[in-house]
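**Student:** First, the structure itself, so that you have it in front of you.
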Amino acid sequence: MSTTEDTERRALIVVDVQNDFCEGGSLAVEGGAAVAAAITAHAAGNAHLYEQVVASRDWHIDPGDHFAEGEPDYLDTWPVHCVAGTDGAAFHPALGVTFDAVVSKGHWTAAYSALEATEDDTGLLLGDWLRARGITELDVVGIATSHCVKATALDALEQGFGVRLLTDLAVGVTPELAAAAVEALVEAGAELATAADVLR
Ligand SMILES: [Zn+2]
């Protein structure tokens, strides 16, 4: 059960809900569009839970060997995706959330964690931006559980934030990889909840 004080210090972090990571995109995750819509409903109904609502985006200009020259290995090299300013990098149209901040990452390198991203207006790293606002607890959601959501949650834990993964508002590249990521996050100290749990 959370106190009012906890509630006031919690932020919702929406990781990389971008067209290229949803159905029809260059690095599509099945279920991405549905997660976008579910996050929209959650944010709309729960504004009182969050002091800040932040979106991260993969925002590549020239990320070097993050983009495969030939066949991607889907471990370290990937098809071209989320090129800054393109439709593929835009937030999915089902993501109808008003964000207090947008943080961008990966301009010149691979960047999986939103904690590597900088806030578009201030240039602050996400962790510093959140700490400046007294945020101590994060609800992490988005795409993909197995990759950028996992990296974000692990980095946030390492930086001392309390982290809760809202499992039904995140989707993995495969169910197996998502399950492995969830296990790793629990081991690292993350809490798991569903969107419905948060209301209890
Ligand atoms: Zn990328």
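**Student:** Could you tell me which residue of the stretch 130-155 is surrounded by the most Cβ atoms within 10 Å (Cβ to Cβ), considering only residues that are in contact (Cβ under 8 Å) with a residue 60 or more places away in the chain and in a helix (DSSP H, G or I)?
**Tutor:** Out of the qualifying residues, it is 149.
**Student:** Okay, moving on. Within the stretch 41-51, which residues are open to solvent by less than 30 Å² (accessible area, probe 1.4 Å) and outside any loop (DSSP other than H, G, I, E, B)?
**Tutor:** Within the stretch 41-51, 42, 43, 49 meet the criteria.
**Student:** Any residue that is over 14 Å from the mean Cα position of the chain (by Cα) and buried (at least 17 other Cβ atoms within 10 Å of the Cβ) - is there at least one of those in the stretch 161-169? So that I can check it myself, show each step before the final result.
**Tutor:** Looking only at the stretch 161-169, we keep the residues that are over 14 Å from the mean Cα position of the chain (by Cα), and these are 161-162.
Add one more test, that the residue is buried (at least 17 other Cβ atoms within 10 Å of the Cβ), and what stays is 161-162.
Yes, some residue in the stretch 161-169 is over 14 Å from the mean Cα position of the chain (by Cα) and buried (at least 17 other Cβ atoms within 10 Å of the Cβ).
**Student:** When both residues are 6+ apart or on different chains and their Cβ atoms are under 6 Å apart, which pairs have a first residue that lies in the stretch 64-77 and is assigned to a helix (DSSP H, G or I), and a second that is within 11 Å of the ligand (Cβ to nearest atom)?
**Tutor:** 66/110
**Student:** Can I ask one more? What residue, among those in the stretch 64-79 that are open to solvent by 70 Å² or more (accessible area, probe 1.4 Å) and over 17 Å from residue 146 (Cβ atoms), is nearest to the ligand (Cβ to nearest atom)?
**Tutor:** 65
**Student:** Could I ask something else about it? Take the stretch 93-119 and flag every residue that is open to solvent by less than 40 Å² (accessible area, probe 1.4 Å), more than 16 Å from the ligand (Cβ to nearest atom) and part of a loop (DSSP other than H, G, I, E, B).
**Tutor:** Result: 94, 95, 97.
**Student:** If I ask for residues that are assigned to a loop (DSSP other than H, G, I, E, B) and either within 15 Å of the ligand (Cβ to nearest atom) or among the aromatic types (Phe, Trp, Tyr) (or both), which ones from the stretch 80-92 would you list?
**Tutor:** Taking the stretch 80-92 as the starting set, the residues that turn out to be assigned to a loop (DSSP other than H, G, I, E, B) are 80-82, 84-86, 90, 92.
Residues satisfying the conditions are 80, 81, 82, 84, 85, 86, 90.
**Student:** Within the stretch 46-63, can you find the residues that are out of contact with any strand residue (DSSP E or B) (no Cβ under 7 Å at 6 or more places or on another chain), touching a residue at least 12 places away in the same chain (Cβ under 8 Å) and either among the charged types (D, E, K, R) or more than 16 Å from the ligand (Cβ to nearest atom) (or both)?
**Tutor:** Result: 46, 48, 62.
**Student:** Just the residues that are more than 16 Å from the ligand (Cβ to nearest atom) and open to solvent by 20 Å² or more (accessible area, probe 1.4 Å), please, taken from the stretch 9-30.
**Tutor:** Here is the first cut: in the stretch 9-30, the ones more than 16 Å from the ligand (Cβ to nearest atom) are 9-14, 23-24, 30.
Correct list: 9, 10, 23, 24, 30.
**Student:** Considering every residue within the stretch 110-118, establish whether at least one is acidic (Asp, Glu) and more than 17 Å from the chain's Cα centre (by Cα).
**Tutor:** Our first condition is that a residue be acidic (Asp, Glu); within the stretch 110-118, this holds for 116.
Checking which are more than 17 Å from the chain's Cα centre (by Cα) leaves us with none.
No, there is no match, as no residue in the stretch 110-118 is acidic (Asp, Glu) and more than 17 Å from the chain's Cα centre (by Cα).
**Student:** Here is a follow-up. Within the set of pairs 6 or more residues apart or between chains, which connect a residue that is farther than 23 Å from residue 194 by Cβ inside the stretch 12-30 to a residue that is of a type in the set (Phe, Trp, Tyr) and buried (at least 24 other Cβ atoms within 10 Å of the Cβ) with Cβ atoms less than 8 Å apart?
**Tutor:** 27/21; 28/21
The values are calculated or read from the model by the stated rules, or taken from the named source; none is laboratory data. All of these numbers come straight from a predicted model, not from anything done at the bench. Ideal geometry is used to build each Cβ from the backbone, glycine not excepted, and the neighbour counts take in all protein chains shown. When the accessible area is computed, the model is the full protein with side chains, heavy atoms only, and any ligands, DNA or RNA have been set aside. Shrake-Rupley method; radii C 1.70, N 1.55, O 1.52, S 1.80 Å.
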